[in-house]
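Enquirer: Below you'll find the structure I mean.
The values are calculated or read from the model by the stated rules, or taken from the named source; none is laboratory data. As the structure is a prediction and not an experimental result, all values here were calculated from the model. Every residue, glycine as well, gets a Cβ built from its backbone with ideal geometry; the counts of neighbours run over all protein chains shown. Only protein heavy atoms, including side chains, enter the accessible area calculation; ligands, DNA and RNA are left aside. Shrake-Rupley method; radii C 1.70, N 1.55, O 1.52, S 1.80 Å.
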Amino acid sequence: MKVLEMKGLTKKFGDFIAVDNVTLTVAEGEIFGFLGPNGAGKSTSIHMISGLLRSTFGQINILGKDIVKHRKFAKMNIGIVPQDLAIYEDLTVYENVKFFAGLYGLRGSRLKEQVAEALEFVGLSDKHNSYPINFSGGMKRRLNIACAIAHRPKLLIMDEPTVGIDPQTRNYILDSIKKLNKMGSTIIYTSHYMEEVEEICTRIAIVDHGKVIVEGTKEQLQAVVTDKKDIWIEVKSNKNIRAQEIEKIKGVESIQIDERVIKIHSDMDINNLNQIIQYFLSNEIEIRSVEEKSSNLENVFLTLTGRNLRD
Ligand SMILES: Nc1ncnc2c1ncn2[C@@H]1O[C@H](COP(=O)(O)OP(=O)(O)OP(=O)(O)O)[C@@H](O)[C@H]1O
Ligand SMILES: [Mg+2]
């Protein structure tokens, strides 16, 4: 069953095209990754799916029904975890979740029951009567998720739910997503962290400048760049490294210096490892380790756009 269909979805702000003719289908049971750099049009697409923004062109169907013609049906079947936290600080934790679940159409004893269940799910059961004003970023995020799942939507859309939170909460959230998916929710997961998308998503669309540039399973996407490899060289200090000099070595396409790990993106078919190591030795740069990695989604993006996913 198709949970979500976007057909030729387009959003213009004046002359600027933020979402450009996007056609995508998400089937039941998927964790669909929407991966793209800042400004790619991810949140704008989500705002159109949730009915917050009107599309300029195109159509969106939820469970086969047009969201414009079936607004209430769409609302009841979608849960949105927005990128910018939407929480009322003058309402208690319980009241916050109850408020949003009410907006999504939940009433009566089911409302009470499912609000309690959602709070239990995100680990905030003992905080029912607290006000979120002094909550940590991670706790607010978890509350935000509870607000989106209490009405048990068929489709849960999460817009960068792990930005700015500690690693422990991040893992908690990623595990929760897997659990919700096992319990029957279809999930759209938006991020510009390719590691997260690689970890949890069953299918991925990479977007840039409002357009889908590639779509498929992780393996299908990686197949786009099988002729590339990454050499990671850990050094004692990156002080004497001149990226331009390494880029001159045959086959080397780009270099990223992350603290003490030098990541060299190179052509798979050219055996240039000796020359690369020679560069480090002749410049008296102490090597701690050398690793060769197969391609990842970062490379897919780099290959298709010529840029890094994160600047
Ligand atoms: N209301 C608006 N008016 C004008 N331009 C807008 C508006 N909303 C978004 N944009 C522009 O549309 C583009 C896409 O923005 P959007 O927020 O959808 O990107 P994103 O992929 O969610 O990025 P991020 O990773 O930073 O959240 C950006 O260039 C943004 O400046
Ligand atoms: Mg966004």
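Enquirer: Considering only residues of the range 12-46 that are part of a strand (DSSP E or B) and within 13 Å of ligand 2 (Cβ to nearest atom), which is nearest to residue 306 (Cα to Cα)?
Expert: So the residue we want is 35.
Enquirer: Looking only at residues that are part of a helix (DSSP H, G or I) and in contact with a strand residue (DSSP E or B) (Cβ under 7 Å, 6 or more places away or on another chain) in the range 170-197, which one is surrounded by the fewest Cβ atoms within 10 Å (Cβ to Cβ)?
Expert: Looking at residues that are part of a helix (DSSP H, G or I) and in contact with a strand residue (DSSP E or B) (Cβ under 7 Å, 6 or more places away or on another chain), I get 181.
Enquirer: Among the listed residues 250, 263, identify the single one that is open to solvent by 70 Å² or more (accessible area, probe 1.4 Å) and either outside any strand (DSSP E or B) or in contact (Cβ under 8 Å) with a residue 24 or more places away in the chain (or both).
Expert: Numbers: 263 fails: open to solvent by 70 Å² or more (accessible area, probe 1.4 Å).
After ruling out the rest, the residue left standing is 250.
Enquirer: Can you tell me which residues in the range 103-136 are part of a helix (DSSP H, G or I), over 25 Å from residue 182 (Cβ atoms) and open to solvent by less than 40 Å² (accessible area, probe 1.4 Å)?
Expert: Answer for the range 103-136, where residues must be part of a helix (DSSP H, G or I), over 25 Å from residue 182 (Cβ atoms) and open to solvent by less than 40 Å² (accessible area, probe 1.4 Å): just 132.
Let's see how each residue does on (1) assigned to a strand (DSSP E or B); (2) closer than 30 Å to residue 11 by Cβ; (3) in contact (Cβ under 8 Å) with a residue 12 or more places away in the chain:
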| residue | (1), (2), (3) |
| --- | --- |
| 199 | no, yes, yes |
| 206 | yes, yes, yes |
| 223 | no, no, no |
| 238 | no, no, yes |
| 246 | no, no, yes |
| 274 | no, no, no |
| 277 | no, no, yes |
| 299 | no, yes, yes |
| 307 | no, yes, yes |
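Enquirer: Inside the range 47-93, can you point out the residues that are surrounded by fewer than 20 Cβ atoms within 10 Å (Cβ to Cβ), assigned to a helix (DSSP H, G or I) and touching a helix residue (DSSP H, G or I) at 6+ places or on another chain (Cβ under 9 Å)?
Expert: 75
Enquirer: Which one of the conditions (1) open to solvent by less than 60 Å² (accessible area, probe 1.4 Å); (2) of a type outside the set (Phe, Trp, Tyr); (3) at pLDDT below 85 does residue 226 fail to meet, given that it meets all the rest?
Expert: With respect to (1) open to solvent by less than 60 Å² (accessible area, probe 1.4 Å); (2) of a type outside the set (Phe, Trp, Tyr); (3) at pLDDT below 85, residue 226 is out only on (1).
Enquirer: Within the range 149-164, take every residue that is away from ligand 2 (no atom under 16 Å from the Cβ) and open to solvent by less than 30 Å² (accessible area, probe 1.4 Å) and give me the one that is nearest to residue 114 (Cα to Cα). Before the answer, list the steps.
Expert: Within the range 149-164, the first condition is being away from ligand 2 (no atom under 16 Å from the Cβ), and the residues that meet it are 149-156.
Now narrow it down to the ones that are open to solvent by less than 30 Å² (accessible area, probe 1.4 Å): 149-151, 153, 155-156.
Values: 149: 9, 150: 5, 151: 7, 153: 12, 155: 17, 156: 16 Å.
My answer is 150.
Enquirer: Something else about it: If only one of 200, 231, 213 is assigned by TED's automatic domain parsing to the domain that holds residue 43, open to solvent by less than 60 Å² (accessible area, probe 1.4 Å), among the hydrophobic types (A, V, I, L, M, F, W, C) and in contact with a helix residue (DSSP H, G or I) (Cβ under 8 Å, 6 or more places away or on another chain), which one is it?
Expert: 200
Enquirer: Condition (residue is open to solvent by 60 Å² or more (accessible area, probe 1.4 Å), more than 17 Å from the chain's Cα centre (by Cα) and of a type in the set (Lys, Arg)) applied to the range 283-304: is it met by at least one residue?
Expert: yes
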